[in-house]
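K.L.:
Following this message is one structure expressed as structure tokens.
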Amino acid sequence: QRLPEGDAAIRATDNDAALARLSAVRKGYLTDPFITPLVPRAHLQQARPPLINIGTYVRSEALDELVDGWLALSQQEGTKCQIVSMGAGSDTRYWRIATGPRRDTLARYIEIDFPEIITKKAMAIRKSRELSAMLGKPEEVSLGNGGTTLHSPVYNLLSGDLRKPPTESLAPLLTAGNTPLLSPSLPTLMIFECVLAYMTPAASGAVLNWFTDYFAAPGGMAPLGCVVYEMFALHGPFGKVMVNNLKARNVTLPGTEPYSTLESLPTRFLQHGWEVAKAVTLKDLRREYVAPTELERISELEMLDEIEELELVLAHYAITWGIKLPPKADELKARW
Ligand code: SAM
């Protein structure tokens, strides 16, 4: 069988992420009733090794906690918020939020990916009563542009190539009748879960810049948050193995080049003038943030022989998050 090349090879990574999630759910690490309808022939898929299941568990729980923190903050402030997930692939986070206690806090949940991935997801949603029921009344849900967009009151799927200039790739965020799909005056969280590695730093910087400017302009002005999950420090021997494995599948990682240390990851945000930026490895998240009762529970799910190998792998993945507050009135006066 010929391996996909170019963008098709990048798109194929969505399948890996979805299969890893499905496996972690089936083995009892995670609870997610929404992944099965998004995976073609889910019943035929094989379980992934324990190391992958544990990594998927740690990343998923950590991101969920950060996203929940953002929703909780908005709830406390009595405002709704927006989430934009870039390179969202077959992610199920919208449905998990929509069936959880913070669902009323969500004004919009927007996902962007390549048109092929969006069309596949939109079709899977249409086929699944469970997934489509959470989008709204049937008359409120519409497919557009030959099935490459889906609009519903909260959940929206958009097609775009995030490597293109944001004036092009993010233009659909601004167009939805008379008001923009993405409000510039609501707190907004960006999610990049395992996607920035496939874009050059210049391209991802341009996307961050676009959002930073959009939420700092008069007429808008709202806090902007971002969570990133990514590989880093790939220059060492173990990182090279990871890079070569992906190269063998025709996937290159231009986005990881400037990030050789954990300390370098927050510069993603700090260079755009963001106030808060932190990064933690999955290794440290597992050791320091996962509750001991949970660690015990997951240790009983499967046999894992090599804790050193697990830690070596988890040390090459990190979650980075940042916050940009809207400019103060006097700063704004000086700028405009
Ligand atoms: N975020 C999902 C998750 O963690 O389950 C999917 C991660 S998957 C490893 C990477 C996703 O990013 C794929 O769906 C891929 O199509 C998307 N992606 C990569 N480069 C992109 C680009 N330039 N524009 C839009 N989407 C892109």
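The values are calculated or read from the model by the stated rules, or taken from the named source; none is laboratory data. Because the structure is predicted, anything quoted here is derived from the model rather than measured. Cβ placement follows ideal geometry from the backbone for every residue including glycine, while neighbour counts extend to all protein chains displayed. Note: accessible area is taken over every heavy atom of the protein model, side chains too, but ligands, DNA and RNA are not part of it. Shrake-Rupley method; radii C 1.70, N 1.55, O 1.52, S 1.80 Å.
K.L.:
For segment 15-57, how many residues are open to solvent by less than 20 Å² (accessible area, probe 1.4 Å), within 11 Å of the ligand (Cβ to nearest atom) and more than 25 Å from Leu295 (Cβ to Cβ)?
P.N.:
2
K.L.:
Look at Ala62 and say whether it is under 23 Å from Pro223 (Cα atoms), in a helix (DSSP H, G or I), in contact with a strand residue (DSSP E or B) (Cβ under 9 Å, 6 or more places away or on another chain) and within 14 Å of the ligand (Cβ to nearest atom). Walk me through how you get there before you give the answer.
P.N.:
Details: under 23 Å from Pro223 (Cα atoms): yes; in a helix (DSSP H, G or I): yes; in contact with a strand residue (DSSP E or B) (Cβ under 9 Å, 6 or more places away or on another chain): yes; within 14 Å of the ligand (Cβ to nearest atom): yes.
The answer is yes for Ala62.
K.L.:
May I pose another question? I'd like to know if segment 227-241 contains one or more residues that are closer than 20 Å to Arg93 by Cβ, away from the ligand (no atom under 14 Å from the Cβ) and of a type in the set (Phe, Trp, Tyr).
P.N.:
No, every residue in segment 227-241 fails to be closer than 20 Å to Arg93 by Cβ, away from the ligand (no atom under 14 Å from the Cβ) and of a type in the set (Phe, Trp, Tyr).
K.L.:
Further, regarding this structure: Filtering segment 69-97 down to residues that are small (Gly, Ala, Ser) and buried (at least 21 other Cβ atoms within 10 Å of the Cβ), which residue is farthest from Ala12 (Cα to Cα)?
P.N.:
Narrowing segment 69-97 to residues small (Gly, Ala, Ser): 69, 72, 74, 78, 85, 87-90.
Now drop any that are not buried (at least 21 other Cβ atoms within 10 Å of the Cβ), which leaves 74, 85, 87-90.
Numbers: Ser74: 35, Ser85: 18, Gly87: 12, Ala88: 13, Gly89: 10, Ser90: 11 Å.
By that ranking, first place goes to Ser74.
K.L.:
I'd like the full set of residues that are part of a strand (DSSP E or B), within 10 Å of the ligand (Cβ to nearest atom) and more than 12 Å from Arg11 (Cα to Cα), limited to segment 102-121. Step through it out loud before you land on a result.
P.N.:
Taking segment 102-121 as the starting set, the residues that turn out to be part of a strand (DSSP E or B) are 106-113.
Imposing the further condition that a residue be within 10 Å of the ligand (Cβ to nearest atom) reduces the set to 111-113.
Result: Glu111, Ile112.
K.L.:
Which pairs do you get when a residue that is at pLDDT below 70, found in segment 314-334, comes within reach of a residue that is open to solvent by less than 80 Å² (accessible area, probe 1.4 Å), reach meaning Cβ atoms under 7 angstrom, with the pair 6+ apart or on two chains?
P.N.:
Cβ pairs passing all conditions: Leu332/Pro218.
K.L.:
Among the numbered conditions (1) open to solvent by 60 Å² or more (accessible area, probe 1.4 Å); (2) within 19 Å of Pro115 (Cβ to Cβ), tell me where Asn178 comes up short.
P.N.:
(2)
K.L.:
Select from segment 91-101 the residues that are closer than 19 Å to Leu22 by Cβ and more than 16 Å from the ligand (Cβ to nearest atom) and list them in ascending order.
P.N.:
Just the residues of segment 91-101 that are closer than 19 Å to Leu22 by Cβ, to begin with: 91-96, 99.
Passing the criteria: only Thr99.
K.L.:
Let me ask something additional. Among what's in segment 302-331 and is under 14 Å from Gly55 (Cα atoms) and β-branched (Val, Ile, Thr), pick the residue that is surrounded by the most Cβ atoms within 10 Å (Cβ to Cβ). Working first, answer last.
P.N.:
The initial filter retains those residues of segment 302-331 that are under 14 Å from Gly55 (Cα atoms), namely 302, 304, 306-319.
Subset that is β-branched (Val, Ile, Thr): 307, 313, 319.
On the way: Ile307: 9, Val313: 20, Ile319: 23.
So the residue we want is Ile319.
K.L.:
Exactly one of (1) open to solvent by 60 Å² or more (accessible area, probe 1.4 Å); (2) assigned to a helix (DSSP H, G or I); (3) not charged (D, E, K, R) is unmet by Leu285. Its number?
P.N.:
So Leu285 meets the others, but not (1).
K.L.:
Under 9 Å between Cβ atoms, at least 6 apart or on separate chains: pull out the pairs that start in segment 265-281 with a residue that is closer than 18 Å to Phe232 by Cα and end on any residue that is among the basic types (Lys, Arg) and surrounded by fewer than 16 Cβ atoms within 10 Å (Cβ to Cβ).
P.N.:
These pairs meet every condition: Leu265/Lys278; Pro266/Lys278.
K.L.:
Restricting attention to segment 98-115, which residues are under 16 Å from Leu30 (Cβ atoms) and open to solvent by 30 Å² or more (accessible area, probe 1.4 Å)?
P.N.:
The initial filter retains those residues of segment 98-115 that are under 16 Å from Leu30 (Cβ atoms), namely 99-100.
The one that is under 16 Å from Leu30 (Cβ atoms) and open to solvent by 30 Å² or more (accessible area, probe 1.4 Å): Thr99.
K.L.:
Out of all the residues in segment 126-141, is one or more open to solvent by less than 20 Å² (accessible area, probe 1.4 Å), under 20 Å from the mean Cα position of the chain (by Cα), within 16 Å of the ligand (Cβ to nearest atom) and modelled with pLDDT of 95 or more? Step through it out loud before you land on a result.
P.N.:
Of all residues in segment 126-141, those open to solvent by less than 20 Å² (accessible area, probe 1.4 Å) come to 128, 131, 135.
If we keep only those that are under 20 Å from the mean Cα position of the chain (by Cα) as well, we get 131, 135.
Right, trim to within 16 Å of the ligand (Cβ to nearest atom) and you get 131.
Applying the additional criterion that residues be modelled with pLDDT of 95 or more yields 131.
Yes.
K.L.:
How do the pairs read when you match residues in segment 75-98 that are assigned to a helix (DSSP H, G or I) with residues anywhere that are of a type in the set (Ser, Thr, Tyr) and open to solvent by 10 Å² or more (accessible area, probe 1.4 Å), using Cβ under 6 Å and keeping only pairs 6 or more apart or on different chains?
P.N.:
Pairs that qualify, where the first residue is assigned to a helix (DSSP H, G or I) and the partner is of a type in the set (Ser, Thr, Tyr) and open to solvent by 10 Å² or more (accessible area, probe 1.4 Å): there are none.
K.L.:
Further question: May I ask you to list the residues in segment 71-90 that are within 15 Å of Val154 (Cβ to Cβ) and within 9 Å of the ligand (Cβ to nearest atom)?
P.N.:
Scanning segment 71-90 gives Ser85, Ala88.
K.L.:
Give segment 288-324 a look and list any residue that's among the hydrophobic types (A, V, I, L, M, F, W, C), under 15 Å from Tyr57 (Cβ atoms) and assigned to a loop (DSSP other than H, G, I, E, B), or say none.
P.N.:
Hits for segment 288-324 are Val290, Ala291, Leu301, Leu304.
K.L.:
I want to confirm something. Restricting to segment 212-246 and keeping residues that are under 22 Å from Thr267 (Cα atoms) and without any contact (Cβ under 8 Å) to a residue 60 or more places away in the chain, which single residue is surrounded by the most Cβ atoms within 10 Å (Cβ to Cβ)?
P.N.:
For segment 212-246, the residue satisfying everything is Tyr214.
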